[in-house]
Amino acid sequence: MNDRIFIDTNIWVYAKIEGKEGLKHKKAVDFLSKLNEQVYISTQVINEFFNVLAKNNIVDSEIIESIYQILNNTLLSEVTFATIEQSWKLREKYRYSVYDSLILASAKESNCKILYTEDLQHNQLIEKKLRIINPFK
């Protein structure tokens, strides 16, 4: 395994749901299938994933099965109060939303070099350590 990377909720959601975003679904599936880095997610990602899939009328048992499949191939970063405090500092500095700042803090705490997400500024370097990459670009 190479570097540590963090994958945000939206990539997992696109990989699971084809829907109106067929091209993003294909790109997300291809992207995830080619990874050879150590992948991290957080408890926040799991909860957001569950919430989005439930809103798309996917039954709980299928969502839970998908979460276990994800967890079989990732390491889990738990959101602690220290994570939340770090997210406040990142929010103040970079002006991202509370939840996006929490993702940044989780990725940073996991010593990830790259955060893959569609939601934040592509190619931005956070704290000289964490690069944001949009895999759909």
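Scanning region 47-78 for residues that are among the β-branched types (Val, Ile, Thr) and touching a strand residue (DSSP E or B) at 6+ places or on another chain (Cβ under 8 Å) yields Ile70, Thr74. Taken together, the criteria exclude Ile84 from residues that are free of Cβ contacts under 8 Å to residues at least 40 places away in the same chain and either surrounded by 17 or more Cβ atoms within 10 Å (Cβ to Cβ) or closer than 30 Å to Gly22 by Cα (or both). Among the numbered criteria (1) free of Cβ contacts under 8 Å to residues at least 24 places away in the same chain; (2) crowded, with 18+ Cβ neighbours inside 10 Å, which single criterion is violated by Thr74? Condition not satisfied by Thr74: (1).
Since every read-out is calculated from the coordinates, none of them should be taken as a lab result. Everything quoted here is computed from the prediction, not taken from an experiment. Here the Cβ is made from the backbone with ideal geometry for all residues, glycine too, and neighbour counts use every protein chain on show.
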